[in-house]
Amino acid sequence: MSQPRRVAVMGVTGSIGRQSLDVLRRADQFELVAVSAGRRLDDLVAIVEEFRVPRVGVPDEASARHLAERLGSGVEVVVGDAGLVELCRDADVVVNAVVGFAGLPVTLATLEAGRRLALANKESLIAAAPLVERVRSTPGAEIWPVDSEHCALHQCLVGSSEEPTRPDVERLWITASGGPFRGYGAEELAAVTREAALRHPTWQMGPKITVDSSTLMNKGLEVLEASALFHVEVDRIGVVVHPPSIVHSMVEYVDGSVLAQLSAPDMRLAIAYCLGAPERLAHHWGRLDFTKPLHLDFEPPNRELFPALDLAYDCARRGGAAPAWLSAANEVAVEAFLEGRLAWRDIIPLVAATLEHFEEGPLESVEQLREEDARARSLAHGSLPR
Ligand SMILES: NC(=O)c1ccc[n+]([C@@H]2O[C@H](COP(=O)([O-])OP(=O)(O)OC[C@H]3O[C@@H](n4cnc5c(N)ncnc54)[C@H](OP(=O)(O)O)[C@@H]3O)[C@@H](O)[C@H]2O)c1
């Protein structure tokens, strides 16, 4: 029998982290060798005990002391970014399920170590695209996209041209559910509440991505993510609203053929694809039933009422650290919204106002990226209502 594949799940206490555990529970070809989390330490302890995980990462010393006391000497606890880097080097596959820019060390360390990165944390790729591109060529390094749209594109691109500019691809089509406010008018949008923004019509996700879905910033970030992952410029990437969330994305080839990936809206399918490849894992989550009527409706997004989409395209064209600024300012705005300090209608205007201070130029290093991220955050914080 071959050795089990050694898996690390970073951000294990969140929505993608827990769904990754669900995949691991039902497959015996994997061994969970490391996990990390942020603040939910009780949940982390329960996971470590259930899976007998030997190594755990937490962001700070106080959490590490607390965990070490509760878990005893059989479990190694590592701290901060340096600790995460160590955990990533030691696995065959690393699931990056951390939310936001905090996922950057996981993305970079996994690729630098020549490991497979099962990437859910789109923010790190978007912010650091030119830097990620450099470490992607490390022997053994691979990115397998967990985001359902990118997982779909990955599957539809199998067999397409290996040339860097993908000349046989006319367009990538990213589908969007439309979020909870599809069809709303300007007046209704001006009055939306936190509760309404957290009620997604088809997906159960963490709070940040759920709010991003309500503003369509998530789709904007996904356009940037697709461009970085598949080396297709954003002007060849379209977004189309598809409320049933069954077609997860499509590739239109130059001969007019369109390949689509369909499945039930269940992130465990994408996670299993990334963990098991090249093998497809047999499981019975969310099957489509083609013996019943199936509606596959598509419509264009409302770009006027949801300006986040065009903001993201604009950042892609500006290049350098512009996508990092977009993502950082958006993180600040969404956090403020979730804390009740910013109205929903002011999230995207705050991001746009922050971007007005951005100065174009190449993105050369991680240090520069951290400075750019800090500057964007500081400007965005400065624009929050007092
Ligand atoms: N959820 C989905 O269905 C879905 C779909 C596609 C893509 N994604 C992407 O996947 C990523 C995770 O999303 P999610 O919905 O799973 O988020 P989530 O439920 O909020 O979970 C985020 C995870 O990150 C951890 N974390 C947060 N800040 C951290 C820090 N500073 N250091 C270390 N760990 C930290 C959290 O730990 P604690 O909870 O312990 O604080 C938690 O384990 C995001 O980039 C999102 O865009 C998610």
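Each value in this text was obtained by applying a stated rule to the coordinates, not by laboratory testing. For clarity, every value in this text was computed on a predicted model and none was experimentally measured. Here the Cβ is made from the backbone with ideal geometry for all residues, glycine too, and neighbour counts use every protein chain on show.
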### Query
So what is the relative contact order for the chain, in percent, with contacts set as C-alpha pairs under 8 Å and at least six apart?
14
### Query
In deg cm²/dmol, rounded to 500, what helix-only [θ] at 222 nm does the chain give when every DSSP H run of at least 4 residues adds -39500 (n - 2.57) and the total is split over its residues?
-13000 deg cm²/dmol
### Query
How long are the semi-axes of the ellipsoid equivalent to segment 1-103, from square roots of 5 times the Cα gyration tensor eigenvalues, in whole Å, largest first?
20, 15, 13
### Message
What's the magnitude of the charge dipole for the chain around its Cα centre, counting Lys and Arg as +1 and Asp and Glu as -1 at the beta-carbon? Answer in Debye, nearest 20.
### Response
880
### Message
Considering only C-alpha atoms, what is the centroid distance from segment 22-62 to segment 328-380, in Å?
### Response
31
### Radius, Kirkwood style, for the chain when every pair of distinct Cα atoms is counted (Å)
21.4
#### Entry: Glu304, Glu31 arranged by Cβ crowding within 10 Å, fewest neighbours leading
Glu304, Glu31
### Task
Give the calculated FRET efficiency between Arg236 and Arg303 to the nearest 0.05, with a Förster radius of 22 Å applied to their Cβ-Cβ distance.
0.80
### Query
Counting other C-beta atoms within 10 Å, which of Arg280, Arg199 has the fewest, and how do the rest follow?
Arg280, Arg199
## Note on the structure
Dipole check, the chain, charges on Cβ (K,R +1; D,E -1), about Cα centroid: among Ser36, Gly340, Asn330 the Cα furthest to the positive pole belongs to Ser36
#### Entry: Note, ³J(HN,Hα) from phi for segment 192-199, Karplus 6.51, -1.76, 1.60, rounded to Hz, x at Gly and Pro
6, 9, 4, 4, 5, 5, 8, 9
### Query
Using the count of nearby Cβ atoms within 10 Å as a rough guide to exposure, how do Cys156, Cys315 rank from fewest to most?
Cys156, Cys315
### Task
Relative to the compact-globule scaling 2.2 N^0.38 Å, provide the ratio for the alpha-carbon radius of gyration of segment 319-386.
1.09
### Task
For Lys219, go through the lysines and keep the ones whose alpha-carbon is under 24 Å away, minus same-chain ones fewer than eight residues off.
Lys122, Lys208
